[in-house]
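What follows is a set of notes on a single structure, which appears directly below.
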Amino acid sequence: MKILVCISHVPDTTSKIKFSDNALDTNGMSFVIGPYDDYALARAVELKESHKATVTAINVGKSDTEPTIRKALAIGADDAIRVDAEPIDAFFVATQIAEIAKSENYDLILMGREASDYNGGQVHGMVAEMLDMQAIVPCMTLDIDGNTATMTREIEGGKEIITCDLPFVAGCQEPIAEWKIPNMRGIMMARKKPLKVVEAVQPEVLIETKSYELPPARSNCKMFTSDDMASLVRALKEEAKVI
Amino acid sequence: METIERNREALKGGEFLIRESEASDIFTPEEFSEEQRMMADSSRTFVDREVHPHADRMDALEEGFMESLLDKAGELGMLGVSVPEEYGGLGMNFNTSMLLADVIGAGGSFCTAFGAQTGIGTLPILYYGTEEQKQKYLPKLATGEYKASYCLTEPDAGSDANSGKTKAVLSADGKTYHITGQKMWITNAGFADIFIVFARIEDDKNLTAFIVEKGFGNITMNEEEKKMGIKGSSTRQVFFNETPVPVENMLAGRGEGFKIAVNILNIGRLKLGAGVIGGCKYVISQAAQYANERKQFGQSIGNFGAIKYKLAQMSARTYAIESACYRAGEDVDNKVKDLKAKGMEDAEAKLKGIEQFAIEAAILKVHGSEVLDYVVDEGVQIYGGMGFSADAPMERAYRDARISRIYEGTNEINRMLLVGMLLRRSIKGELDIFEHAKAVGEELMGVPSFETPDDSEFFAKEKAVLKNMKKAVLMTLGKAALTFKENINDEQEILMAIADMIIETYVAESTILRTEKLVGVRGEEACRGQIEMSRLYLNYAVEILATKGREAISSFATSDEMRVMLMGLKRFTKIDPINMRDTRREIANITLAKSEYAFDI
């Protein structure tokens, strides 16, 4: 079984986001594997053990993403591909992944339900469409028996258990697996594993980013006592201007 | 590059006092490779995920919990970092093991269990074991299948470790030693499979070390000790009651035990120096976050100068010990490399490399443990009333820190030891301390130099201060040695004051050189905080030199000598004032903006 795991390279979730020159200011920022992608990778590595699968990690990014890719190798991916381009938008990224996947016949293409930078949540659907496969999102458990996968999805008010024949694309989230800590030997092996750099294809760019801005700072919470309705109404009317 | 390499090879322990080091001579933690950083990240994640959330279970000594943590650390390969690959480990260099000790240092009691397993439990076999002993024990120690402990201390043999009463008696057939004795303060005792035991054979002058398996039998234990801190670390008294140990389990030769104990302690001291860093950073991060969130008088307490003062001191002192630790760690690695290149076998080269830096090991142990104590103390203070509550993280950190000044040789023993070692090496001709001290004496009698440092050079003034600090040390140490000669060991107060002067000189120099190197790579603007911390630290260190120098000199010099020496001390501890308030505010503001220790590598 061949598994492709798509890895996004995102700011550490505790990072303070700042912009400079209408771009993310990455100064002093550390980057990690997208947390949802990390779940997908963890499940892929488990399947590697239980189903004798091979796991390839793929990332669309410039060379600064390689430490993040090597972390995926340290966690247990067998090899990795970096598509050498800035990940402009979801369509661009999906096109690159589909281009690679076309010729490689992966049985499973796993990724997070969304990346934690732009939280677009679109790449899985696009990749599936481009490859004419099913897309299952969010995929919360994943078991494979022969050519069929059984998965759990969270739906309004409950859970849905579905089956799907391989191959397919899944956007994963917890509790599909527990995040894996790269072990020391894995870290040492990572630099010896193949990391192939390929050129990007150039699809039409559909989205142009005009500018970035931070959400307005949250104003302080104002407390009113229960017997002071008049002040509350006045504040809603004159300060918050909502009534 | 060649010159640097040559310099590095030539470096000897303690030599920093008599030679000028350059930024290019020292290793800085910012130079760790991606691989080493990833190992540190994994260990940090392990502590965050497996240790911190379960600190209460750990400290309640929940049955099996600490073993399970060691097992998990073993699965991740953390226990075998220093063990060579042929014995199932990773064979990483010494400084990598320092980095792991640093990160795991944030893990409270786990850090002690980890240190006992990977340090004093494993290394005696690695460095002194026969091939058979290594094959038999190391792979299982590296995975955590075997848990280890180290049995040196006895009720009447603490700092005076070689006075232990535990006996090893050879059987009539010459095949078995029977060990009988009482050991105390034994870390990991409750679940250990392997005990490194020190005992005396007949009336030998020195102890002998043995590898004792729990399965050999006749081993009993007291209940867990009730301790002030590191409560989650298993600590028991262990009784050996004619425990039969096959002769092939003797480590190194008969009477070699004390040497093993001393050398393993050197490693422990270096690692303890590194081990405080993670704890300090954890406490600073918690304190910075609290200072931002806690509001009094209508604003965050972090806005107040009194709190900024603390955060700045905490950060600067942590940055300083970190600078010294990895400098020393790399010096050990370079020495090992050098000795191996000259044909020395791996284990022996590692031992000799570490022994060479025994002075620095004592420096790091003393300084590191005292920085940690300072940081946790101010951490409690920033938390105010909450700092005193067991529901907040500071209370545990405060209690856990206290042992560091006691174990691996008390700070008092280490202070005296490091001065003693310097003098011994000088007498043996390995270090030219006396010649240099004499030159300082002559300089004192001459006209003072009015040479001003070249301001165009970065940190030129600071480096001139460092040069003078060394002169202050050499003057005081040289004169004390001349005055007391072989009786100097009886002058503990003076030795301790001189030790403080030496410690601060090493740490301040490491800090200045690290920042200089960092500025060379990142530029001044990106290193504002580091530059301010280095200047702040240097000022602090010079103050200590002046105080301790005065204390030492006034304790032994005759009146005429005293006048000259005190004048010299004043000259050698001269430093241009900096605006301390603004410096501290800047450091604190950087820390508060990040809401964590802001100068991580």
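Filter the stretch A:101-117 down to the residues that are part of a helix (DSSP H, G or I) and open to solvent by less than 30 Å² (accessible area, probe 1.4 Å) and list them by number.
Selection gives A:A101 alone.
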Among the residues of the stretch B:170-188, is there at least one that is charged (D, E, K, R), closer than 25 Å to B:E408 by Cβ and open to solvent by less than 10 Å² (accessible area, probe 1.4 Å)?
yes
Given the stretch A:10-98, what strands (runs of 3 or more DSSP E) lie entirely inside it while holding 3 or more residues that are among the aliphatic types (A, V, I, L, M) and either free of Cβ contacts under 8 Å to residues at least 60 places away in the same chain or in contact with a Pro (Cβ under 7 Å, 6 or more places away or on another chain) (or both)?
A:54-60
What's the number of the condition B:E408 fails, among (1) out of contact with any Ser or Thr (no Cβ under 9 Å at 6 or more places or on another chain); (2) within 30 Å of B:D490 (Cα to Cα); (3) among the charged types (D, E, K, R)?
(1)
Being open to solvent by less than 30 Å² (accessible area, probe 1.4 Å) and more than 13 Å from the chain's Cα centre (by Cα): is that true of B:I277 here?
no
Look through B:F32, B:F110 and report the one residue that is within 23 Å of the chain's Cα centre (by Cα), open to solvent by less than 20 Å² (accessible area, probe 1.4 Å) and within 14 Å of chain A (Cβ to nearest Cβ).
B:F32
Kindly indicate which of B:E462, B:E457, B:E451 is of a type in the set (D, E), in contact (Cβ under 8 Å) with a residue 40 or more places away in the chain and farther than 19 Å from B:E561 by Cα.
B:E462
Kindly indicate whether A:P175 is more than 21 Å from A:Y106 (Cβ to Cβ) and either out of contact with any Gly (no Cβ under 8 Å at 6 or more places or on another chain) or among the basic types (K, R) (or both).
yes
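Keeping to the stretch B:73-93, report how many residues are of a type outside the set (G, A, S), at the interface with another protein chain (Cβ under 10 Å from one of its Cβ atoms) and buried (at least 17 other Cβ atoms within 10 Å of the Cβ).
Result for the stretch B:73-93: 6.
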Among (1) within 21 Å of B:M39 (Cα to Cα); (2) out of contact with any Asp or Glu (no Cβ under 9 Å at 6 or more places or on another chain), B:S109 falls short only on (2)
Mind checking which pairs have a first residue in the stretch B:564-585 that is acidic (D, E) and a second that is surrounded by 12 or more Cβ atoms within 10 Å (Cβ to Cβ) and in a helix (DSSP H, G or I), Cβ under 7 Å, 6 or more apart or different chains?
B:D576/B:K461
Pair list, Cβ under 6 Å, 6 or more apart: the stretch B:102-116 residue of a type in the set (D, E, K, R), other residue modelled with pLDDT of 95 or more:
B:D102/B:A274; B:D102/B:I277; B:D102/B:G278
Kindly indicate the residue of the stretch A:195-211 that is at pLDDT 95 or above and in contact with a helix residue (DSSP H, G or I) (Cβ under 9 Å, 6 or more places away or on another chain) and also farthest from the other protein chains (Cβ to nearest Cβ) among those meeting that condition.
A:V201
Let me confirm something: among B:K463, B:K428, which residue is open to solvent by 60 Å² or more (accessible area, probe 1.4 Å) and not hydroxyl-bearing (S, T, Y)?
B:K428
Can you give me the number of residues within the stretch A:140-164 that are open to solvent by less than 30 Å² (accessible area, probe 1.4 Å) and not in a strand (DSSP E or B)?
1
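The values are calculated or read from the model by the stated rules, or taken from the named source; none is laboratory data. Remember, predicted model here, so these are calculated numbers, not experimental data. Every residue, glycine among them, receives a Cβ derived from its backbone with ideal geometry; neighbour counts consider all protein chains shown. When the accessible area is computed, the model is the full protein with side chains, heavy atoms only, and any ligands, DNA or RNA have been set aside. Shrake-Rupley method; radii C 1.70, N 1.55, O 1.52, S 1.80 Å.
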